[in-house]
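*Asks:* Next up is a structure, given as structure tokens.
The values are calculated or read from the model by the stated rules, or taken from the named source; none is laboratory data. If you're wondering where the values come from, they're calculated on a predicted model, not measured in any experiment. Here the Cβ positions follow ideal geometry from the backbone for every residue, glycine too, while neighbour counts run over all protein chains shown.
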Amino acid sequence: IDIFGILMEYEVGDPGHKALDHKAAKKDDSHGLLHWQLGGGDTTEHIQTHFESKMEIPPRRKAPPPLNSPSKKKDLEGKAKSHRNIKLLEDEPRSRDETPLCTITHWQDSLAKRCICVSNIVRSLSFVPGNDTEMSKHPGLVLILGKLILLHHEHPERKRAPQTYEKEEEEDKGVACSKDEWWWDCLEVLRDNTLVTLANISGQLDLSAYTESICLPILDGLLHWMVCPSAEAQDPFPTV
């Protein structure tokens, strides 16, 4: 302050900002000109202190509507409906009941073996260097792989526990072999081969070149198996 000759006209930091010396402001013009030539200027701390509030004003919040208002009732009804629509699913997907003895027909066994044979060939070809580029460009193959990822993989809705402690005795209906679901063993092998094939060609697979009907099954299936809590998703491939 003494070097540049800055005029201490105000008390810095004092809310009153009263002048200390009125005579100091009436100095000669040459001294003020020298002060400005040296790069000096009037202090602005009194302006900042005067206008800045030291109290933190909390943000204004919108007042909640009264409980009896129609908008509040609509919100409560919407939340209640959304909670009712939530369904809890079982961790394990629907699978075939293991039976002590279950036979299949000749044509069923032949069809399952042919499907597994073709799936093994496609899986083995995906390991050959250079084939990943050609296989990733085939829309038919990519479509079939996307369909096989979640084929017949469904999580049933979780049953609610009975309200009373007394459980009703369930009738033993016996275990029967379903003739319509003979493909469970074959489907597990096909799904394992599908995931291995997709892993091998994933480096060259560009889904932006395909339509939505081809991309969505692959993305949906891969995302599901990443978060699926079933033992089938957590355990490694049994055939590897």
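*Asks:* Considering every residue within the stretch 212-225, establish whether at least one is more than 21 Å from the chain's Cα centre (by Cα) and farther than 14 Å from Val142 by Cα. Steps first, answer last, please.
*Replies:* The first filter runs over the stretch 212-225 and keeps only residues more than 21 Å from the chain's Cα centre (by Cα), leaving 213-214.
In the following step, the residues that additionally are farther than 14 Å from Val142 by Cα were identified as none.
No, because not a single residue in the stretch 212-225 is more than 21 Å from the chain's Cα centre (by Cα) and farther than 14 Å from Val142 by Cα.
*Asks:* Just to verify a result, which residue in the stretch 192-240, among those that are modelled with pLDDT under 90 and of a type in the set (D, E, K, R), is surrounded by the fewest Cβ atoms within 10 Å (Cβ to Cβ)?
*Replies:* Checking each candidate, the answer is Asp235.
*Asks:* Now for a different question. Based on this model, can you work out whether Glu169 counts as modelled with pLDDT under 90, farther than 26 Å from Cys115 by Cβ and out of contact with any strand residue (DSSP E or B) (no Cβ under 6 Å at 6 or more places or on another chain)? If you could, list the steps in order and put the result at the bottom.
*Replies:* On the way: modelled with pLDDT under 90: yes; farther than 26 Å from Cys115 by Cβ: yes; out of contact with any strand residue (DSSP E or B) (no Cβ under 6 Å at 6 or more places or on another chain): yes.
Criteria met by Glu169.
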